[in-house]
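Student: Following this message is one structure expressed as structure tokens.
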Amino acid sequence: MRPPPPHDQPLGVTATEGEVVFHGRGQLGFSMTPDAARITLRHLADALMSSRPPPPSGGARAVVLLVDDDPMVREIGAVLQEDAGYAVIAAEGAKAALLALEAGDEIHLLFTDIQMPGELDGLQLARLVRDRWPNIRLLVTSGRPPRSLDSLPPGGRFVAKPYAAAEVLRHVEELTGA
């Protein structure tokens, strides 16, 4: 029996000062320096995206505002979505995300982690975005799911960490209509 393709396997990443650890469900993890991890991420993204059709010509399919306080998770998410043809604005927290939204750039999707430091967590940010920018679609993620999916704003979706690249891209495609 052959193992499933890599894009169907959740990949977890834990970043600490000076070390990044990649781990898969039921597999041993491995660690490396952040610089080596960035190179590896680029190779992983290339491998994950090689089976996908190229992005449409004429620019990005949609603009995704990616919010996560973990720099490695932000980078993985940005690489994944950019390679799929989306434009990505990365923010390290709700405050930075709100600044990006208030700048007036056209944003089609908010993809945010729930657990973040600061005045607003990801669910609060998603609710605020739903109220102020109702046309922006919402995708929320966390390693610790909310007690109830009813806590998501109307029309919002949840994907658990660690997530498979194909699962996130499917949600992004469906939510943005790309």
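Student: Report, in debye and to the nearest 20, how large the dipole of region 63-176 comes out about its Cα centre when Lys and Arg carry +1 and Asp and Glu carry -1 on their Cβ.
Tutor: Around 420 debye, computed over region 63-176.
Student: Something else: Along the Cα-to-C-beta direction of Glu174, a point sits 7 Å from the Cα; which residues of region 143-167 have their amide N less than 11 Å from that point?
Tutor: Answer for region 143-167: 157-159, 167.
No lab work stands behind these numbers, since they all come straight from the coordinates. Just so we're clear, the structure is a prediction, and the values are computed from it rather than from any experiment. Glycine also receives a Cβ, built like all others from the backbone with ideal geometry; neighbour counts cover every protein chain displayed.
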